[in-house]
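Below: the structure, in structure tokens.
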Amino acid sequence: MQTERYAHVPKRIAGLVELAHNLWWSWNPEARDLFRRLDLQTYRRTGHNPVEMLSTLPEGVLTRAAGDANFLALYDAVLERFRRDLQSGGTWFDRTYGDTSNPVVYMSAEFGVHVSLPVYAGGLGILAGDTLKECSDLGVPMIGVGLIYSRAYVWQRIREDGWQEDVEQTLDRTHNPVLPAMDSDGHPLIVTVPAFNPRLQVAVWRAMIGRVPLYLMSSDVEGNQPWDRAIAHDMYASDLEQRLRQEIVLGMGGMRVLDAMGVTPGVLHLNDGHPALAILERLRARLASGDSWDAAIREIRNTTVFTTHTPVPAGTDVFPFALVQKYLQHYCEDNAIDPERLLALGVNPADPQAGFNMTVFALRMSRYCNAVSKRHSEVARRMWSDVRLPEQGLEEIIPITNGVHLPTWIEPLRIQTMLGQAMGPGWRDVQDRRETWEAVEKVPDEELWQLHNERKATLLARIDGRARRNWHSGQFTAANIVASGALLEPDVLTLGFARRFTAYKRPDLILHDTERLKRLLTDPWRPIQLIFTGKAHPADTDGKRILQRIYRLALDPACAGRIAFIENYDQHLAKYLVAGVDVWLNNPIPPLEASGTSGIKASVNGFPHLSILDGWWPEGYSGDNGWAFGDPRSEEDRSPEDAQALYELLEGTIIPAYYDRGHDGVPHAFVRVMKEAIRSVGPDFNARRMMKEYTAHFYAPALRLETPEG
């Protein structure tokens, strides 16, 4: 593991190197605390990146740690648990289903595991990261496959006029927690991807997510043509041909990587349609083994899982037939695949001339298909009602509602400690049982409210720190500093909105009646304040205009500095926000929120959700664990009506609940909602429940494993 790079790390604490290169540390509080104790300022300066810490810390700091009895006691305890957790055997999967020789291969265009490994753009990647973490915790035999990109998805800079500039930023992989994957001879693995002429090779990197290896491919390899090296420069290339080339590398290249390592997938799980061409490589292998076309299709379908995330047909990748033929015609001819039959598998009956539809292809080639919430399942069944093979019925798009990895997203220092005291130290092992969470009711209101205020103060201090650094840089005006949150107050009811800036998510809904909003912001006795953050896709001009409108209002003195926009939203900032605002705001146009998970993250931290009844919220909302507004069955833009309902809910219910205090200074009505949010959302919307459902409904049948009932 690059021994010379860590030669200055004393032998007594050499296990830190292995720990730093396994992102297991990122969701285990004691391991995080270990790196914080090593050197807190360096931990913060490096963006919570132990690999960079160990590479750059002076030898003297490490030597002192190796002689510190308290540090060594924690080090030994963490390393002992790390080794125990990574041992095979004794996991939930082993106890429930036994052993299986072939793993589940999970392919995704992005993985949001930790900010130190920036290969994600948004919710799809965060879900993928949570999936790998939970599979590690449960012992589900999984391998992740994706791409490693040369440039950041969007590095956001807000101009003085509020317009988002997309700064091109090349990522320095020096301190990423990845190592080259090795071939059988001990050399860095290089794999040739089919369907390219001249040939294209990819280098392979490996990240460890607890027990789960994640293999990431890069086309930026010496010997590739310059335009081929650029395939993995940018996530979700806007050029259609480059996007197809990316998806060939992801799906077909990913299968070749597995083959080079001697891995035969027992199950292939496609996280959305981007990696669907992996199916083509599986088809080639089955036909080469002697299967007929029908037998090959049947076997592939019986071992393929597809999770669809889009609630609209326009959200899927569709490539012109001629473009697909350009890349796959010769591949098909060389491997005895009928190109016409292949193309037919990607034709959407509702729009047959549109091109090769990746979602349609994945649906037809997967026996196990799911949407990511019950509402989304209804929408997906209706949307793809004409897409089926003779033996595939529409009812097979079942709902498996998204959940979040609780050890990652519940604030570790104070809130997880509180939960451990209330629910018992082993609560993480039984987090998907409702009875586990009943003990939250016993937490004194005063204790929960004090903790809430501490987390809010931490968030505002972080925002202040960002503003101070921006001011010190000399590149921001005083007005821009105000717009970035410098005047936010800890005692004011704070609403948070953090997600991608695009029209259907309606970030500006609360701005619908600007004068009414200003009255709420500047009320002398019961004001509110708003924190916005998020990025617009580089090609989404409408999203950028919405962002600009919000930013310009933040600059308006009539808003009293009570609107803030925080630039460069990432996974790290998200953790502060979901455990720091008072109320989490979500107001997409239904049914365009397939699931959404940010409201789940806020709720399990005790910060209630205020949302349109879309995505996961129709399943999660109980009437007293947050607030709902709007018409849940409307599929039209009802912004005037929804804005009116939002204002009325704030003015008539939420603001009074927050500001009406008892003699002890605690808003007991508001705290009751906080407690109910934790108690009701925690057991039902966690990644443990989600992955147990995937295993029971999909993985175990595909692997032909006996279920607990069988």
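Does region 518-530 contain at least one residue that is among the basic types (Lys, Arg) and under 29 Å from the mean Cα position of the chain (by Cα)? The answer is no, given that none of the residues of region 518-530 is among the basic types (Lys, Arg) and under 29 Å from the mean Cα position of the chain (by Cα).
Scan region 204-220 and give yes if some residue there is out of contact with any strand residue (DSSP E or B) (no Cβ under 9 Å at 6 or more places or on another chain) and more than 23 Å from residue 132 (Cα to Cα), otherwise no. No.
This table checks each residue for (1) among the hydroxyl-bearing types (Ser, Thr, Tyr); (2) touching a Lys or Arg at 6+ places or on another chain (Cβ under 6 Å); (3) at pLDDT 95 or above; (4) surrounded by fewer than 21 Cβ atoms within 10 Å (Cβ to Cβ).
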residue: 200; (1), (2), (3), (4): no, no, yes, no
residue: 210; (1), (2), (3), (4): no, no, yes, no
residue: 213; (1), (2), (3), (4): no, yes, yes, yes
residue: 231; (1), (2), (3), (4): no, yes, no, no
residue: 236; (1), (2), (3), (4): yes, no, no, yes
residue: 239; (1), (2), (3), (4): no, no, no, yes
residue: 246; (1), (2), (3), (4): no, no, yes, no
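The set of residues in region 465-521 that are at pLDDT below 95, surrounded by 16 or more Cβ atoms within 10 Å (Cβ to Cβ), farther than 22 Å from residue 636 by Cα and of a type in the set (Ser, Thr, Tyr) contains only 484. Listed by first and then second residue, the pairs linking a residue in region 479-505 that is in contact (Cβ under 8 Å) with a residue 40 or more places away in the chain to a residue that is among the polar types (S, T, N, Q), with Cβ atoms under 6 Å apart and 6 or more places separating them unless they lie on different chains, are 488/529; 492/529; 494/529; 498/533.
Determine if region 579-600 includes at least one residue that is at pLDDT 95 or above, open to solvent by 50 Å² or more (accessible area, probe 1.4 Å) and outside any loop (DSSP other than H, G, I, E, B). Within region 579-600, not a single residue is at pLDDT 95 or above, open to solvent by 50 Å² or more (accessible area, probe 1.4 Å) and outside any loop (DSSP other than H, G, I, E, B).
When 327, 331 are checked against the criterion of being of a type in the set (Phe, Trp, Tyr), farther than 22 Å from residue 694 by Cα and open to solvent by less than 20 Å² (accessible area, probe 1.4 Å), a single residue qualifies: 331. Any idea which residue in region 98-146 is farthest from the chain's Cα centre (by Cα), counting only those that are of a type in the set (A, V, I, L, M, F, W, C), surrounded by fewer than 24 Cβ atoms within 10 Å (Cβ to Cβ) and assigned to a helix (DSSP H, G or I)? Selected residue: 138.
Taking region 597-649 as the range and being polar (S, T, N, Q), touching a Pro at 6+ places or on another chain (Cβ under 9 Å) and more than 17 Å from residue 498 (Cα to Cα) as the test, the residues that pass are 625, 634.
For residues that are among the hydroxyl-bearing types (Ser, Thr, Tyr) and assigned to a strand (DSSP E or B), scanning just region 176-228, find the one that is farthest from residue 127 (Cα to Cα). Across region 176-228, the extreme among qualifying residues is 192.
For region 531-560, the candidate set comprises residues that are open to solvent by less than 50 Å² (accessible area, probe 1.4 Å) and among the polar types (S, T, N, Q); within that set, the residue that is nearest to residue 235 (Cα to Cα) is 533. Residues that are open to solvent by 100 Å² or more (accessible area, probe 1.4 Å) and more than 11 Å from residue 689 (Cβ to Cβ) within region 420-436 comprise 421, 425, 429, 435, listed in sequence order.
Does residue 350 satisfy the condition of being open to solvent by 50 Å² or more (accessible area, probe 1.4 Å), touching a Phe, Trp or Tyr at 6+ places or on another chain (Cβ under 9 Å), outside any strand (DSSP E or B) and of a type outside the set (Val, Ile, Thr)? Judged against the criteria, residue 350 is a match.
Only one of the listed residues (263, 318, 305) is under 32 Å from the mean Cα position of the chain (by Cα), open to solvent by 10 Å² or more (accessible area, probe 1.4 Å), aliphatic (A, V, I, L, M) and under 30 Å from residue 374 (Cα atoms). That residue is 318.
Only one entry of 95, 84 meets the criterion of being basic (Lys, Arg), within 27 Å of residue 411 (Cβ to Cβ) and either in contact with a helix residue (DSSP H, G or I) (Cβ under 7 Å, 6 or more places away or on another chain) or open to solvent by 10 Å² or more (accessible area, probe 1.4 Å) (or both), and that entry is 84. So which residues in region 126-158 are out of contact with any helix residue (DSSP H, G or I) (no Cβ under 9 Å at 6 or more places or on another chain) and either without any contact (Cβ under 8 Å) to a residue 24 or more places away in the chain or β-branched (Val, Ile, Thr) (or both)? Selection gives 154 alone.
Only one entry of 636, 693, 619, 641 meets the criterion of being under 30 Å from residue 102 (Cα atoms) and of a type in the set (Asp, Glu), and that entry is 693. Every listed requirement among (1) out of contact with any Cys (no Cβ under 9 Å at 6 or more places or on another chain); (2) more than 24 Å from residue 696 (Cβ to Cβ); (3) surrounded by 24 or more Cβ atoms within 10 Å (Cβ to Cβ) is met by residue 270 save one, (2). Has region 315-334 got at least one residue that is of a type in the set (A, V, I, L, M) and at pLDDT below 95? No: region 315-334 contains no residue that is of a type in the set (A, V, I, L, M) and at pLDDT below 95.
Evaluate region 440-459: report whether one residue or more is closer than 30 Å to residue 157 by Cα, under 27 Å from the mean Cα position of the chain (by Cα), of a type in the set (Lys, Arg) and open to solvent by 10 Å² or more (accessible area, probe 1.4 Å). For region 440-459, residues closer than 30 Å to residue 157 by Cα, under 27 Å from the mean Cα position of the chain (by Cα), of a type in the set (Lys, Arg) and open to solvent by 10 Å² or more (accessible area, probe 1.4 Å): present. A residue that is open to solvent by 40 Å² or more (accessible area, probe 1.4 Å) and under 19 Å from residue 491 (Cα atoms) occurs somewhere in region 645-652. Scan region 430-472 for residues that are of a type outside the set (A, V, I, L, M, F, W, C) and closer than 25 Å to residue 574 by Cα and the total you get is 18.
Need the failing condition index for residue 177 against (1) open to solvent by less than 10 Å² (accessible area, probe 1.4 Å); (2) over 21 Å from the mean Cα position of the chain (by Cα), just the number. Result: residue 177 fails condition (2) only.
Considering the conditions (1) open to solvent by 30 Å² or more (accessible area, probe 1.4 Å); (2) free of Cβ contacts under 8 Å to residues at least 60 places away in the same chain; (3) under 17 Å from residue 509 (Cβ atoms), residue 627 is excluded by exactly one of them, (1).
The values are calculated or read from the model by the stated rules, or taken from the named source; none is laboratory data. Fair warning: this is a prediction, and the values are worked out from it, not measured in the lab. Cβ atoms come from the backbone with ideal geometry, glycine included; neighbour counts cover every protein chain shown. Side chains included, ligands, DNA and RNA excluded: accessible areas come from the protein's heavy atoms. Shrake-Rupley method; radii C 1.70, N 1.55, O 1.52, S 1.80 Å.
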